[in-house]
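Notes follow once the structure below has been shown.
The values are calculated or read from the model by the stated rules, or taken from the named source; none is laboratory data. Only a predicted model underlies this, so the values are computations on that prediction, with no experimental measurement involved. Neighbour counts are summed over all protein chains in view; Cβ atoms, including those assigned to glycine, are modelled from backbone coordinates with ideal geometry. For the accessible areas, the whole protein counts, side chains as well, though only heavy atoms, and no ligand, DNA or RNA atoms are used. Shrake-Rupley method; radii C 1.70, N 1.55, O 1.52, S 1.80 Å.
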Amino acid sequence: MIENFKTIKHDSCEEIVEKKSRFIANLIYVENEEDALNNIKEIKKKYYDARHNCFAYRVLENKNIIQRSSDDGEPSGTAGSPILNILEKNNIVNVLVVVTRYFGGILLGTGGLVKAYSEATIKGIENNELIEKEYGYEVKISVPYTSMQKIEYFLKINKISIINKEFLEKVTIFADLTYQDYEKITKELPKNVIRNLEIKIEKEKFISKKIVE
């Protein structure tokens, strides 16, 4: 089972030109394989007049990685595989990359094609933002109002994301925690807070831990 990965913060589009051929890299966040396939269809409709729409994607389904690639008429191994290799090496998941080529009249050769499709993909990744996802918990933390500021401060300095708050008899804070965060919150909080602390795991999930620069 995969325990962490990176994904893109938003969809993006970048372009390079190699010997008059245009290579347009669309990076699209996808939740599953069906989502990826639907987006490939849309990209092919958008660039219907292009010579090639080569792609690769990696998606997480049932805690396993599904990955596919296509050269879409380019020589075997010169387009889809290089794109997929870059996603694999960077541990990028839930992302579809489609690199569209408008032929410029000059043959690039297999080496030139690999270079161009790779550069377009790398440019797309470098000009996007990567979010690191880590397996952990969504938890519900209930504390008296008198302890709320201490809890919030602890979460803030440990860069733990607060999802929501409820104000009833007690303050209930919903937060995303990594496994390490969970150990820390149950061991390192001041004793006078721990005695009044109620923490319940709502579900296990992949959470956004930090932005990778």
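Some notes on this structure:
- Some residue of the range 179-197 being in a strand (DSSP E or B) and either surrounded by 12 or more Cβ atoms within 10 Å (Cβ to Cβ) or at pLDDT below 90 (or both): no
- When the range 151-163 is filtered for residues that are open to solvent by 80 Å² or more (accessible area, probe 1.4 Å) and within 30 Å of Ile8 (Cβ to Cβ), the ones remaining, listed by number, are Lys156, Ile157, Lys159, Ile163.
- Enumeration of residues in the range 1-18 that are within 29 Å of Pro75 (Cβ to Cβ) and either buried (at least 17 other Cβ atoms within 10 Å of the Cβ) or in contact with a Leu (Cβ under 6 Å, 6 or more places away or on another chain) (or both): Ile8, Ser12, Glu14, Ile16, Glu18
- Candidate set: the range 19-38, residues that are assigned to a loop (DSSP other than H, G, I, E, B) and either open to solvent by less than 40 Å² (accessible area, probe 1.4 Å) or not polar (S, T, N, Q) (or both); chosen: the one nearest to Glu61 (Cα to Cα): Glu31
- Screening the range 91-115 for residues that are assigned to a strand (DSSP E or B) and of a type in the set (Val, Ile, Thr) and picking the one that is farthest from Asn53 (Cα to Cα) gives Ile92.
- Among residues of the range 136-150, those that are open to solvent by 20 Å² or more (accessible area, probe 1.4 Å) and either polar (S, T, N, Q) or under 27 Å from the mean Cα position of the chain (by Cα) (or both), counted: 5
- Neighbours by Cβ (under 7 Å, 6+ apart or cross-chain): first from the range 132-144, within 27 Å of Glu61 (Cβ to Cβ); second open to solvent by less than 40 Å² (accessible area, probe 1.4 Å) and acidic (Asp, Glu): Gly136/Asp176; Gly136/Asp181; Glu138/Asp176
- Of the residues making up the range 95-123, those that are more than 17 Å from Ile16 (Cα to Cα) and open to solvent by less than 10 Å² (accessible area, probe 1.4 Å) are Val95, Leu96.
- Which listed residue is touching a residue at least 60 places away in the same chain (Cβ under 8 Å), over 17 Å from Leu84 (Cα atoms) and of a type in the set (A, V, I, L, M, F, W, C), from Ile28, Ile16: Ile16
- Criterion violated by Lys44 - all others in (1) in contact with a strand residue (DSSP E or B) (Cβ under 7 Å, 6 or more places away or on another chain); (2) in a strand (DSSP E or B); (3) surrounded by fewer than 16 Cβ atoms within 10 Å (Cβ to Cβ); (4) of a type outside the set (S, T, N, Q) satisfied: (2)
- Residue that is surrounded by the fewest Cβ atoms within 10 Å (Cβ to Cβ) [pool: residues in the range 70-94 that are touching a Leu at 6+ places or on another chain (Cβ under 9 Å) and closer than 15 Å to Val30 by Cα]: Ile92
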